[in-house]
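Colleague: My structure is below; once you've seen it, I'll send some questions.
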Amino acid sequence: MATVDQTMMKIQRILTGSLGLKIMLDGERIRISFTDSSTQLILTVREWGQDAEGEPRSLVLISAPILLDVTPTPEVFEWVARHGGARFFGHVEVIEATEGKVHLIFSHTLLGDYLDQPELESTMWGILQVADEWDDELQPRFGGQKYRDI
């Protein structure tokens with residue numbers, strides 16, 4: 001099993017070593033930006049209690065902003081309810097932003113204890129690709145800003 005710190009170190013080794021990515025540590029988060037994408041990846045490690053033997057467990061939340069500062073309308077919530085979980089990895093979350101606005105975030109959670117490079121890499125690229133596609137599709141319908149435009 002793995003503590004939050006152990007999982008965070010494992011992720012950093014994978015990202016900067018094998019994958020050769022430039023990462024930015026932001027408190028308990030790892031941020032990765034790409035020049036050819038309108039969004040970014042955010043990896044957050046969280047404690048997830050203990051197993052039956054009392055060993056710590058951890059979760060890894062991988063997310064990417066789709067649109068920021070969207071006016072919440074019935075149409076936005078209907079789209080999230082009907083289509084927000086339609087991909088292999090992840091689901092869309094609606095997160096309160098500033099007063100009267102929400103953010104649409106695409107995310108997926110992995111077990112940190114058994115995390116390996118192929119699983120992390122596949123999930124990251126899946127999340128990034130979907131968020132990058134959906135921001136182009138949804139911005140004309142719902143407004144808001146893409147991550148790269150803030």
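Colleague: Name the residues in segment 1-30 that are in contact with a strand residue (DSSP E or B) (Cβ under 9 Å, 6 or more places away or on another chain) and open to solvent by less than 60 Å² (accessible area, probe 1.4 Å), would you?
Modeller: Listed by number, the residues that qualify are A2, T3, V4, T7, M8, I11, Q12, L15, L21, I23, I30.
Colleague: Moving to a separate point now. Sort out which residues of segment 31-42 are closer than 11 Å to S63 by Cβ and either open to solvent by 40 Å² or more (accessible area, probe 1.4 Å) or in contact with a helix residue (DSSP H, G or I) (Cβ under 9 Å, 6 or more places away or on another chain) (or both), and write them in order of number.
Modeller: Of everything in segment 31-42, those that are closer than 11 Å to S63 by Cβ and either open to solvent by 40 Å² or more (accessible area, probe 1.4 Å) or in contact with a helix residue (DSSP H, G or I) (Cβ under 9 Å, 6 or more places away or on another chain) (or both) turn out to be R31, T39, Q40, L41.
Colleague: Could you check how many residues of segment 45-66 are in a strand (DSSP E or B) and either of a type in the set (D, E) or open to solvent by 60 Å² or more (accessible area, probe 1.4 Å) (or both)?
Modeller: Of the residues in segment 45-66, 5 are in a strand (DSSP E or B) and either of a type in the set (D, E) or open to solvent by 60 Å² or more (accessible area, probe 1.4 Å) (or both).
Colleague: While we're on this one: Can you name the residue in segment 115-150 that is hydroxyl-bearing (S, T, Y) and open to solvent by 10 Å² or more (accessible area, probe 1.4 Å) and, of all such residues, is nearest to E78 (Cα to Cα)?
Modeller: Result: Y147.
Colleague: Tell me which residues, restricted to segment 67-90, are open to solvent by less than 80 Å² (accessible area, probe 1.4 Å) and modelled with pLDDT of 95 or more.
Modeller: L67, L68, D69, V70, T71, P72, T73, V76, W79, V80
The values are calculated or read from the model by the stated rules, or taken from the named source; none is laboratory data. These numbers come from a predicted model, not from an experiment. Don't worry about glycine lacking a Cβ; one is built from the backbone with ideal geometry, like all the others, and counts go over all protein chains shown. Accessible surface is based on the protein model in full, side chains and every heavy atom, while ligands, DNA and RNA are left aside. Shrake-Rupley method; radii C 1.70, N 1.55, O 1.52, S 1.80 Å.
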